[in-house]
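Enquirer: Sharing a structure with you now.
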Amino acid sequence: MLTEFSSGVDSPLIISSSDHSEPGSTNWQQQLKAAVRSVPELLQLLDLTDHPIAGRVDTEPHFPLRVPLSYVRRMTPGDPNDPLLLQVLPLGIERQPSPGFIDDPLQEQDQNPVPGLVHKYQGRALLITTQACAVHCRYCFRQHFPYADNRLTARQWQPALDYVRERPDIHEIILSGGDPLSLDNKALAELIAALEQIPHLRTLRLHSRTPIVLPARIDAGLLDLLATTRLNTVLVLHANHARELNEELHPALAALRITGTVLLNQTVLLKGINDQVDTLVELSHALFGQGVLPYYLHVLDPVAGAAHFDTADEDARQLWQQIQAQLPGYLVPRLVREVPGDDHKRWINEA
């Protein structure tokens, strides 16, 4: 039996009733329910209530605050410039319009042929599995995506599955969202089982920030799913700063590696958070220490409300060249921009 609870943005998370645990449990669903959703509460937890930054926050943002306590505990109390805090704290500046920053910067609505599916690139398609995320990042390029038109129950997956089945050139399915690991193991198992029935599919890729902010999500049920599927599995994590990679995360990622899942990371270049050479070099080393390879360094997608995070392409390029000079090639992520209409991500490593 499936039950639901609200994520706080009218985006239900599906919870298996058999997965509920006693109070005080480390069950990831219980931790997710306890996530901070109030800006004043977050400021209070970090001893910032009386700091001048309290006058710059937006207490009722269009994209509500949501951050697990596991992630809050990695922030430094009393520091308004903490790089983890700045990724999740809603600020009034988000309401200021900025030329070129729009609701759908990647024009995904034009590449949404059936509900729940985005097909932009040859050989692979992306399933919008849920609109829910464990954390609401202020730079999220899908914060304005029309999830209400793409919200599917298990019984409504058929058009998307039929679309993939009718196109034998699609050999990889990307589970995205929202965040696919916001789904419970039963829902994921049903979806993966359906995908396994499509003979030309070879690879299952999940894009998820959840393990970074909520390591408890990597539970025995999820590990079993990844270990037993016939599909090659890839998990693309999303870490932006070395301080996100704490000791709580290490055993979870070690367990994922045992399943044979390839672990990659994509980072978004964010002004004031990780736009320094030393910061990005440290991140690459920290990722490798956890068995994860740097994959992409994205320049910011120009989504409305995120202009204050933007870094000029030339600055990004110079930063990448300095990183390249300090790291072995396997630890240097590709510097890319996603351009609507392109048939692949555009490298901007060099002029």
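Enquirer: Can you put Trp347, Trp320 in order, fewest other beta carbons within 10 Å first? Provide the component values of the computation, followed by the final result.
Expert: Details: Trp347 11, Trp320 23.
Ordered from fewest to most neighbouring Cβ atoms within 10 Å, Trp347, Trp320 come out as Trp347, Trp320.
Enquirer: For labels at Tyr163 and Ile93 in the simple 7 Å Cα→Cβ model, what's the distance in nm?
Expert: Placing both labels 7 Å beyond Cα along the Cβ direction yields 3.7 nm.
Enquirer: Among the GluC sites (Glu not before Pro) within segment 161-210, which fall in a DSSP loop and have no more than 10 other Cβ atoms within 10 Å of their own Cβ? Working shown, then result.
Expert: Details: sites: Glu166, Glu172, Glu190, Glu196; in loops: Glu166.
Passing sites in segment 161-210 are Glu166.
Enquirer: For segment 227-278, run through the GluC sites (Glu not before Pro) and keep only the ones in DSSP coil with at most 11 other Cβ atoms within 10 Å of their Cβ.
Expert: Sparse-neighbourhood loop GluC sites (Glu not before Pro): Glu247.
Enquirer: Evaluate the charge dipole of segment 198-327 about its Cα centre and quote only its size in Debye, nearest 20, assuming +1 on the Cβ of each Lys and Arg and -1 on the Cβ of each Asp and Glu. List each step's numbers first, then the result.
Expert: Working: 9 positive and 13 negative charges, 124 e Å.
The dipole magnitude comes to about 600 debye.
Enquirer: Report the full-extension gain for the segment Glu247 to Val114: residue separation times 0.36 nm, less the Cα-Cα distance, to one decimal in nm. Don't skip to the end; give the middle numbers.
Expert: Values: separation 133, 0.36 × 133 = 47.88 nm, distance 4.13 nm.
Stretched out fully, the Glu247 to Val114 stretch lengthens by 43.8 nm.
Enquirer: What's the ranking of 38-47, 131-140 by average number of surrounding C-beta atoms within 10 Å, highest first? Numbers along the way, then the final one.
Expert: Working: 38-47: 16.2, 131-140: 23.2.
In decreasing order of mean packing, 38-47, 131-140 become 131-140, 38-47.
Enquirer: Given N residues in segment 240-335, what is Rg(Cα) / (2.2 N^0.38 Å)?
Expert: Values: Rg = 13.9 Å, N = 96, 2.2 N^0.38 = 12.5 Å.
Normalised Cα radius of gyration, segment 240-335: 1.12.
Enquirer: Which lysines, if any, have their Cα less than 25 Å from the Cα of Lys345, not counting same-chain residues under 8 positions apart?
Expert: Lys120, Lys271
Enquirer: Something else about it: Please arrange Leu256, Leu300 by counting, for each residue, the other beta carbons lying within 10 Å of its beta carbon, fewest first. Provide the component values of the computation, followed by the final result.
Expert: Working: Leu256 24, Leu300 21.
Neighbour counts put them in this order, fewest first: Leu300, Leu256.
Enquirer: Trypsin sites (Lys or Arg not before Pro) within segment 208-300: which are DSSP loop residues with at most 13 other Cβ atoms inside 10 Å? Each step should come with its number before you reach the end.
Expert: On the way: sites: Arg209, Arg217, Arg230, Arg243, Arg257, Lys271; in loops: Arg209, Arg230, Lys271.
Sparse-neighbourhood loop trypsin sites (Lys or Arg not before Pro): Arg230.
Enquirer: Continuing with this model, one more query. How about Lys186: which lysines have a C-alpha closer than 26 Å to its C-alpha, ignoring those fewer than 8 places off in the same chain?
Expert: Cross-link targets: Lys33.
Enquirer: Please compute the alpha carbon radius of gyration of segment 108-347, then divide it by the globular-protein estimate 2.2 N^0.38 Å. Two decimals is fine. Each step should come with its number before you reach the end.
Expert: Numbers: Rg = 17.6 Å, N = 240, 2.2 N^0.38 = 17.7 Å.
Computed over Cα atoms of segment 108-347, the ratio equals 1.00.
Read-outs throughout are calculated quantities, based only on the coordinates presented, and are distinct from any laboratory measurement. Worth saying up front: this structure is predicted, and the values here are computed from it rather than measured. Every residue, glycine among them, receives a Cβ derived from its backbone with ideal geometry; neighbour counts consider all protein chains shown.
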